[in-house]
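Let me begin by presenting the structure, written as structure tokens, before commenting on it.
The values are calculated or read from the model by the stated rules, or taken from the named source; none is laboratory data. This structure is a prediction, so every number in the text was calculated from the model and none was measured. Every residue, glycine as well, gets a Cβ built from its backbone with ideal geometry; the counts of neighbours run over all protein chains shown. Side chains are part of the model used for accessible areas, which takes the heavy atoms of the whole protein and leaves out ligands, DNA and RNA. Shrake-Rupley method; radii C 1.70, N 1.55, O 1.52, S 1.80 Å.
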Amino acid sequence: MDSILQIENLTKSFGDRILFANLSFGVSEGEKIGIIAKNGSGKSTLMSVLTGHEQYDSGKITFRNDLRIGYLEQVPVFNPESSVIDACLDNNDEVSAILKEYERAAMAGTDISNHIRKMDAANAWDYEDRFKQILSQLGIDDVNQPMGELSGGQQKRVAIARVLISNPDLLFLDEPTNHLDIATVEWLENYLSRSRITLLMVTHDRYFLDNVCNKIMEIDIDGVYPYKGNYDYYLEKRAERLEQQQSEVAKANNLLRKELDWMRRQPQARAGKAKYRIDAFYELKKKASNVRREENVKLNVQSGYIGNKIFEAHEVSKRYGDKVILDDFEYIFARFDKVGIVGENGVGKSTFVKMLQGMVKPDSGHFDVGDTVKFGYYGQEGIEFNNEMKVIDVAREIAEVVYFDEKNHYTAAQFLNLFLFSPADQQKYVYKLSGGEKRRLYLATVLMRKPNFLILDEPTNDLDIVTLEVLEDYIEKFKGCVIIISHDRFFMDRCINHLFVFEGNGVVKDFPGNYSEYREWRKEMEREKAQVQKASEQPKSKPTRERNNNRLTFKERKELEQLTAEIDALTEEKKHLEAVFSGEEQTEDFDAASKRYNEVKDILDEKEMRWLELSEKE
């Protein structure tokens, strides 16, 4: 494969903090690469540097000539007064400008003959087809709507449309699934996996990584580790690599003990020894000390006690104008329930959990919440920390000491340490934290309050995969109730036992299973619906053989074969019994033989009728 991007010894720092140093790797045409690294290691900064939006300290970045580059930022920024069509076609090239003028004229109903000639001259019709197809598939209907009126999820869809319409050769994606509903995530996943475009992406969505990427690059403190395969392959090979590293360290330690004995001898005893052995000793000592410390968030904190009564929803209704969120919603929440909420953006998922906590009032009906319930709310909009406060002071404002029981209690500093905030990190000011580190701090402040009912609204945005995996383990063992709103299908599959599916217009379906099971059920329903529709569309003037019912199914064919064998055996038994009655053969129990003869006749008649029915079908 041809190389289209080469990075050599790339280094970037902020003040005294080095994000990455001497980073070197290449990107070949057709590769779909997922970058994995911990929060705070500079993934988003790397994307900004590679796309020219940010400077770097040293190193070299080389792109192939005439390469069209697209970049989807984690949080796209638009002029709020710009229309959707202006935002989608702001690539500052001639074809985009011509298409924009043509679309405006067509929508205004003015004479478009001159615009058609320009479209012909610029060969812009394929571009227009792609423009309309992508907007339609992303559910963007009103291209004249100002960007300032759109939600975060809608703006993200416009940003995706803009970058895909430009048809880049190399596409950079920074957390492309954030703020998208699951339907849009699945569409984008399908589009990218089938496309021949070259990708370099940062994402925490493990299903997305698994289904789109053919190469994973792990950026670690030791360097870059490439894995040619999807996310599942990466996990397998990474485990093998770490095991091999530990084995090498163990061998080095064994050898080091022998060399250390040699180094400790009298100076005159080693004065005549070769210098290379002394140098080798220090190299070996460095290798032996390379013990890998897998730093993970340790969420071994506990929930508070929760009683049997959780909450009951009685005829809860809510609407905003013509938009219905809930319509006479009824539900009794069970102890230790773990519920996932899915639905398109804008159907009211976040409004529902805010109503449950009393943050938004229903129009009618009410929630009856148990006395022991203590909510812990992690919202997708995050929390406004005081940027001038230190991390440790943010925690101490909540509690100096967090008590769970007599055996389990933590100081604020100890609690932050569970969330990978080292003593040095705890002295940092909030404004110095990365987006992912701020989300991790937010999660810590939620759990410090010892909730027994967790409500997590898009918890996976901006958290690294390591933190997500530990959060999943924590929720699995959590002795309380959980409601999760998330577009992360992997996270939902691991954490919930049934779903509220918000279908719009106030309809909420309670599905008993995780998201993948719901997805399979929905596909099956769609297949059955398509079959019924296809059957109803068949011409009714030809009643003969609609579906050739005269043709045996596999199961019927096996039944026919079995009937043939059974009929042969019964016929032989009947002949034997008839020989007994004629005196040709003897029996000790004539009455039993007579009774059996009548049974055989009846069974034989029944099986022969079935055999005739099946043979006629054949």
- For segment 334-392, enumerate the residues that are under 30 Å from residue 519 (Cα atoms), modelled with pLDDT under 90 and of a type in the set (Phe, Trp, Tyr). 336
- State which residue pairs qualify: first residue closer than 21 Å to residue 337 by Cβ and inside segment 513-525, second residue aromatic (Phe, Trp, Tyr) and open to solvent by 50 Å² or more (accessible area, probe 1.4 Å) in any location, beta carbons under 6 Å apart, and separation of 6 or more residues or different chains. none
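Looking at this structure, is residue 375 open to solvent by 50 Å² or more (accessible area, probe 1.4 Å) and under 22 Å from residue 488 (Cβ atoms)?
Values: open to solvent by 50 Å² or more (accessible area, probe 1.4 Å): yes; under 22 Å from residue 488 (Cβ atoms): yes.
Yes.
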- Query: Restricting attention to segment 462-507, which residues are touching a helix residue (DSSP H, G or I) at 6+ places or on another chain (Cβ under 7 Å), within 20 Å of residue 418 (Cα to Cα) and in a loop (DSSP other than H, G, I, E, B)?
  - Reply: 462, 463, 464
- Residue match in segment 109-130 (condition: under 28 Å from the mean Cα position of the chain (by Cα) and within 26 Å of residue 73 (Cβ to Cβ)): yes
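Residues in segment 139-161 that are assigned to a loop (DSSP other than H, G, I, E, B) and either among the hydroxyl-bearing types (Ser, Thr, Tyr) or open to solvent by less than 10 Å² (accessible area, probe 1.4 Å) (or both): how many? Before you say what the answer is, go through the steps one by one.
First, the residues of segment 139-161 that are assigned to a loop (DSSP other than H, G, I, E, B): 139-145, 150-151.
Those left that are additionally either among the hydroxyl-bearing types (Ser, Thr, Tyr) or open to solvent by less than 10 Å² (accessible area, probe 1.4 Å) (or both): 151.
Residues that pass the stated criteria total 1.
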- Message: When the residues of segment 418-449 are narrowed to those that are modelled with pLDDT of 85 or more and not in a helix (DSSP H, G or I), which ends up most open to solvent (accessible area, probe 1.4 Å)?
- Response: 449
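Inside segment 47-71, can you point out the residues that are in contact with a Phe, Trp or Tyr (Cβ under 8 Å, 6 or more places away or on another chain), part of a loop (DSSP other than H, G, I, E, B) and open to solvent by less than 50 Å² (accessible area, probe 1.4 Å)?
Of everything in segment 47-71, just one residue is in contact with a Phe, Trp or Tyr (Cβ under 8 Å, 6 or more places away or on another chain), part of a loop (DSSP other than H, G, I, E, B) and open to solvent by less than 50 Å² (accessible area, probe 1.4 Å), namely 51.
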- Query: If residue 34 satisfies every condition in (1) in contact with a Lys or Arg (Cβ under 8 Å, 6 or more places away or on another chain); (2) surrounded by fewer than 19 Cβ atoms within 10 Å (Cβ to Cβ) but one, which is the exception?
  - Reply: (2)
- Which of the residues that make up segment 493-517 are under 22 Å from residue 376 (Cα atoms) and buried (at least 23 other Cβ atoms within 10 Å of the Cβ)? 495, 496, 499
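Do we find a residue being open to solvent by 20 Å² or more (accessible area, probe 1.4 Å) and under 19 Å from residue 481 (Cα atoms) anywhere in segment 360-368? Steps first, please.
Residues of segment 360-368 open to solvent by 20 Å² or more (accessible area, probe 1.4 Å): 360-368.
So of that shortlist, the ones also under 19 Å from residue 481 (Cα atoms) come out as 367-368.
Looking through segment 360-368, at least one residue is open to solvent by 20 Å² or more (accessible area, probe 1.4 Å) and under 19 Å from residue 481 (Cα atoms).
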- Message: I'm checking my understanding of the structure. Among residues of segment 72-130 that are part of a loop (DSSP other than H, G, I, E, B) and charged (D, E, K, R), which one is most open to solvent (accessible area, probe 1.4 Å)?
- Response: 81
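At negative phi, modelled with pLDDT under 85, among the charged types (D, E, K, R) and surrounded by 18 or more Cβ atoms within 10 Å (Cβ to Cβ), is that true of residue 464?
Details: at negative phi: yes; modelled with pLDDT under 85: yes; among the charged types (D, E, K, R): yes; surrounded by 18 or more Cβ atoms within 10 Å (Cβ to Cβ): yes.
So residue 464 passes the test.
Is it the case that some residue within segment 597-616 is over 25 Å from residue 558 (Cα atoms) and either of a type in the set (Lys, Arg) or touching a helix residue (DSSP H, G or I) at 6+ places or on another chain (Cβ under 6 Å) (or both)?
Keep residues of segment 597-616 that are over 25 Å from residue 558 (Cα atoms), which gives 597-598.
Now drop any that are not either of a type in the set (Lys, Arg) or touching a helix residue (DSSP H, G or I) at 6+ places or on another chain (Cβ under 6 Å) (or both), which leaves 597.
The answer is yes, given that some residue of segment 597-616 is over 25 Å from residue 558 (Cα atoms) and either of a type in the set (Lys, Arg) or touching a helix residue (DSSP H, G or I) at 6+ places or on another chain (Cβ under 6 Å) (or both).
Looking only at segment 354-370, count how many residues are touching a His at 6+ places or on another chain (Cβ under 7 Å) and among the aromatic types (Phe, Trp, Tyr). Full working, then the answer.
Applying the first criterion (touching a His at 6+ places or on another chain (Cβ under 7 Å)) to segment 354-370 yields 365-366, 368.
Remaining after also requiring among the aromatic types (Phe, Trp, Tyr): none.
Final tally of qualifying residues: 0.
Mind checking whether some residue in segment 140-153 is under 27 Å from residue 35 (Cβ atoms) and modelled with pLDDT under 90? If you could, list the steps in order and put the result at the bottom.
Pass one, segment 140-153, residues under 27 Å from residue 35 (Cβ atoms): 152-153.
Filter again for modelled with pLDDT under 90, leaving 152-153.
For segment 140-153, residues under 27 Å from residue 35 (Cβ atoms) and modelled with pLDDT under 90: present.
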- Query: Within the set of pairs 6 or more residues apart or between chains, which connect a residue that is within 25 Å of residue 328 (Cβ to Cβ) and touching a residue at least 60 places away in the same chain (Cβ under 8 Å) inside segment 365-393 to a residue that is of a type in the set (Phe, Trp, Tyr) and open to solvent by less than 40 Å² (accessible area, probe 1.4 Å) with Cβ atoms less than 8 Å apart?
  - Reply: 370/311; 373/311; 373/453; 375/453
